[in-house]
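The values are calculated or read from the model by the stated rules, or taken from the named source; none is laboratory data. Given the structure is predicted, the values throughout are model-derived calculations rather than measurements. Cβ placement follows ideal geometry from the backbone for every residue including glycine, while neighbour counts extend to all protein chains displayed. We work out accessible area using only protein heavy atoms, side chains counted, and drop any ligands, DNA or RNA first. Shrake-Rupley method; radii C 1.70, N 1.55, O 1.52, S 1.80 Å.
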Amino acid sequence: MDSAFLSIDHVSVRHSNSTAEALCDVSFDVAAGEVIAVLGSSGSGKTTLLRAISGLQSVSAGNVVLDGVDITKTPAHLRGIGLMFQEHALFPHLDVADNVSFGLRMAKMPKPDRSERVAEVLELVGLAGFGSRDIASLSGGERQRVALARTIAPSPLLLLLDEPMGSLDRVLRDRLVSELVDLIDRLGLAVVYVTHDRSEAFELADRIAVLDHGQLVQLDTPAILDAHPATTHVAQLLGHR
Amino acid sequence: MVGALPLMVSASESRGSKRRSAFWRLVAATPPLVFLGVFFAWPVFAILLRGLRPHGTWNFAVFGEVFSDPSMRRVLWFTLWESIASTVLCVVLALPAAAMFARYRFKGKRVLWSALLVPFVLPTVVVAVSMLGVVGGGGLIGVDLNGTVWAILIAHVFFNYAVVVRTVGATWSTIDPRLEESARALGAAPRRVFVDITWPLIRSSVAAAASIVFLFSFTSFGIVLILGGISHRTLEVEIYDQTAKFLHLDIAAVLAIVQLVVVVAILMWFGRSQRRRSVLLEQRSTSETERSAGTSAQRWLIRSNLLSMAVLFGVPLGLLVVRSFSTPSGWGLGFYQALTDSRGGSTSFVPPIDAIGNSLLFASIATVIALALGLSAAWAIVGDGSMGSSRFSRWTDTALMIPLGTSAVTVGFGFLIVFDEPPLNLRSSLLLIPIAHAIVALPFVVRLLVPGLRSIDPRLREAASILGASPRRVWWTIDVPIVGRALAAAAGFAFAVSLGEFGATAFLARPDRPTMPIAIYRALGRPGDYNFGQAMAMSTILMVLTVVVVTVIDRFRPAGVSEF
């Protein structure tokens, strides 16, 4: 496809201490500004897929092409992709502002611009004025927002979210998901969003990819997926009987 | 397989990068291992040769001589039973305190837990001098225990009390008290609860602590040299005398070999008890396991423990300070002023005050050496955290722990044999003492740094990498700041160890460059109140210095490292 912004091309991942493939010949494209949700039960290879795209995991076969450039061999820190971790991985020795500005510092942005950008991003996630707070003093929801702010601060080309709502309670999760939908719309970023929660996937995604045992079993819009699940496993994941 | 996957993801990398990482770990392990090889293994090997091949031929006659000499057999026997007695006494006295720290909340608990480190790192010479103040003829209790075994045993308990309390207490505090409570509810009397539930769970940590106490008592040098008089001598003291007084290097070497065999055996046993310890049940955090003392028996436990600690530590150290100000001509700074005095009768005599500068200089150099090597070693052991504990890291870990169990006297004696002649004549080098101190401090440094490095969540490094940090910048922005606290604590420990080191230094210090412990020992060796007063004044200064350093350690101690 010519219009593809991100292209996953026959990607396989094999862990060195395992015989089974964690990802098996997965191919799909993401258009600019498109939100793809990756749905699957635990162990289906969702996280491995994100790690392969971000470069934290090297692939055993296939290519990853971002914006026309083959980045398969590019080290993670040079890919310019934003990844938000499941447990957030906030730096405990830095305060909120320093966490958020970390990527800007790595990109050698001058200091005044940096603090301006940090303020802007914190405002965007609803944490204006939190800059000097200690990470340990934050609530679960606040941590999640800081992690998001840190990820989008360097203006990544592509946003990867690994179960960002994983550790939050239901009420908070619902509120944050709708905020996230709003934010993604405004930023116009291409997003790959990993989740095991079908309601999140349906609310956020333009298209949903279903992974099972490392294989891509279906990739369709929520409506088609709901109406025509490809396998019984997909139907089960969607909560059909 | 499904459930295990998320863990495996972080444990996986392509084969090439795994090999690369293994290569760098090997590179990191090289400096500390080479250092240990040259400054530890080689001297020990030289001792072995000296004992087994005295004149270039294999000859075990000296062994026969030593074992058939009744006075040597007395030394061996005394060393053995004195260490067993010290260990038993220490464990019996310290277990209730471990229970108190593990189970109850009380005022000043945190401060007291930290303060327990002070006796552990206090220089042996200082402890010996303060014991002289308590048990000597003119001492507090009116009975002259000086030269009796009691003075030695009490001093050993003084030192090792914290080892047992902190090692056992840390384990004990992770045990869910509901296990004990449900046993109570099932009809077990308190004693049965302890025997059937608590003891099996803490047993291996008691064994670990006991083997450390035994080791320290077995290789005790400064304490026995100063408190033992002529009748009570351990192997360490005998090795020192045979070398320094009688120049019987062959006999000294044989004694060192005997000691080495015992130490290695104990270390192996210790290793086994540690491995057994690692299969423990679900651990609880302290906040879940401690409660306030409810019954009067529990309050009595706390009170009696606090009282015995006050007596054990407060009396000797308090008396030391008081007596250092109590000159024959009344209260004053007389003894301290005397430290600057240069009249000593011999040409090599230097004012004792110089020893402070020497000690600080040596301790600074030793700290730098121990930190550089320790950081390198810790990094080799931990790697980037993605591989868990490989055989390589376990092996490196064990190799670096060996000096912990080897006596300082062995190190000093070995240095004396090896570095006295080409190819490496360091006898007159100022570096020799700091190197010996670094050898002694290295195991502690590694022990503090490894958990610090391990505590870094690998995802933090990944997050930094995703945000554009190159591997070098990841190390600089994530690893170094997070491990910095552990590094500061390790620096404090190395500094304190060097300040107080006596065994190796006794062999290596030149007459004109004494360290503080050496100066104290020399002052004790000269007759009269005036010299004893100087020893107490110098001991007080050394104690204050050590307390300051330990306070610094405690401020920077990384969370989760509670035993040392």
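Rounded to the nearest 20 debye, the dipole size of segment B:45-556 about its Cα centre is 1320 debye, using +1 on the Cβ of Lys and Arg and -1 on the Cβ of Asp and Glu. Taking amide H positions as modeled 1.01 Å from N, with prolines and chain starts lacking one, the residues under 5 Å from residue A:35 and 5 or more places away or on another chain are A:191, A:206, A:207. Scaled to the globular estimate 2.2 N^0.38 Å, the Cα spread of segment B:182-257, given as radius of gyration, is 1.88. A simple charge model with +1 on the Cβ of Lys and Arg, -1 on the Cβ of Asp and Glu and nothing else charged puts the dipole of chain A at about 620 debye relative to its Cα centre.
What is the Å³ per residue value for the convex hull set by the Cα atoms of segment A:93-222? Don't skip to the end; give the middle numbers.
Values: hull volume 16.6 nm³, N = 130.
Considering the Cα atoms of segment A:93-222, their hull volume per residue is 128 Å³.
Seen from every direction in turn and averaged, the convex hull around the alpha carbons of segment B:45-556 projects onto 28.0 nm².
Model label points for residue B:92 and residue B:394, set 7 angstrom from Cα along the Cα-to-Cβ axis, are 3.7 nm apart.
Legend: calculated FRET efficiency, residue A:115 to residue B:331, from the Cβ-Cβ distance at R0 = 60 Å, rounded to 0.05, equals 0.50.
Taking amide H as placed 1.01 Å from N in the peptide plane, the amide H of residue A:61 sits under 5 Å from that of A:12, each at least 5 places away or on another chain. Approximating the spin labels as points 7 Å out from Cα along Cα→Cβ, the residue B:61-to-residue A:61 distance works out to 7.6 nm.
Rounded to the nearest whole Å², what accessible area per residue is found for segment B:45-556 with the 1.4 Å probe? Write out the running numbers ahead of the final one.
Details: 21620 Å² over 512 residues.
Accessible surface, normalised per residue, equals 42 Å².
Over segment B:45-556, what is the mean sequence separation of C-alpha contacts under 8 Å (at least six apart), divided by residue count, expressed as relative contact order in percent?
Numbers: 704 pairs, mean separation 104.6, N = 512.
Relative contact order of segment B:45-556: 20 percent.
Its Cα centre serving as origin, the protein assembly as shown has a Cβ charge dipole (Lys and Arg +1, Asp and Glu -1) of approximately 2160 debye.
If you roll a 1.4 Å probe over the protein assembly as shown with all protein chains in place, what percent of the accessible area is carbon or sulfur?
Its accessible area is 61 percent carbon and sulfur atoms.
Between residue A:27 and residue B:181, the FRET efficiency estimated from the beta carbon spacing at R0 = 56 angstrom works out to 0.45. Ordering A:23, A:127, B:315 by Cα displacement along the dipole of the protein assembly as shown toward the positive end leaves B:315 in first place; charges were set at the Cβ atoms of Lys, Arg (+1) and Asp, Glu (-1). The residues of segment A:55-73 occluded by other protein chains by 20 Å² or more of accessible area, set against the chain on its own, are A:56, A:57, A:58; surface from heavy atoms, 1.4 Å probe. Between amide H atoms placed 1.01 Å from N, distances below 5 Å from residue A:161 occur with A:84, A:192, A:193, A:194, all of them 5 or more places distant or on a separate chain. When chains B and A come together, the accessible area they lose, probed at 1.4 Å and totalled over both chains, is close to 2800 Å². Relative to the longest principal axis of the Cα atoms of chain A, helix A:140-152 runs at roughly 90 degrees. Within the shell of other residues whose beta carbon sits under 12 angstrom from the beta carbon of residue A:220, the net charge comes to -1, with Lys and Arg scored +1 and Asp and Glu -1.
I need the calculated FRET efficiency for the pair residue A:171 and residue A:133, taking r as the beta carbon distance and R₀ as 25 Å, to the nearest 0.05. Display every interim value, and only then the final one.
Details: r = 23 Å, r/R0 = 0.91.
FRET efficiency, residue A:171 to residue A:133: 0.65.
3J(HN,Hα) couplings calculated from phi for segment A:71-78 with the Karplus curve 6.51 cos²θ - 1.76 cosθ + 1.60 (θ = phi - 60°) are, in sequence order, 10, 3, 9, 6, x, 3, 6, 10 Hz; Gly and Pro show x.
Taking the solvent-accessible surface of protein heavy atoms with a 1.4 Å probe, what is the per residue accessible area of chain A in Å²? Intermediate values should be presented prior to the final figure.
Numbers: 10150 Å² over 241 residues.
Here the per-residue accessible area is 42 Å².
Across B:245, A:73, the residue with the most accessible area heads the list, and the full order at a 1.4 Å probe is A:73, B:245.
Going from the isolated chain to the complete set of protein chains, segment B:450-477 loses at least 30 Å² of heavy-atom accessible area (1.4 Å probe) at B:459, B:460, B:462, B:463, B:465, B:466, B:467, B:468, B:473, B:477. The modelled label-to-label distance for the pair residue A:87/residue B:306, using points 7 Å beyond Cα in the direction of Cβ, is 3.8 nm. For residue B:156, the accessible area of its heavy atoms, probed at 1.4 Å with every protein chain present, is near 10 square angstrom. The phi torsions of segment A:168-182, fed into the Karplus equation with coefficients 6.51, -1.76 and 1.60 and a -60° offset, translate into couplings of 9, 7, 3, 4, 4, 4, 4, 5, 5, 4, 5, 5, 5, 4, 4 Hz, rounded to whole numbers, with Gly and Pro shown as x.
With a ≥ b ≥ c taken as the square roots of the eigenvalues of the C-alpha gyration tensor of the protein assembly as shown, please select rounded if a/c is under 1.5 and otherwise prolate if a/b is larger than b/c or oblate if it is not? Verdict is prolate for the protein assembly as shown. Relative contact order of chain A: 27 percent, from C-alpha pairs under 8 Å at least 6 residues apart in sequence.
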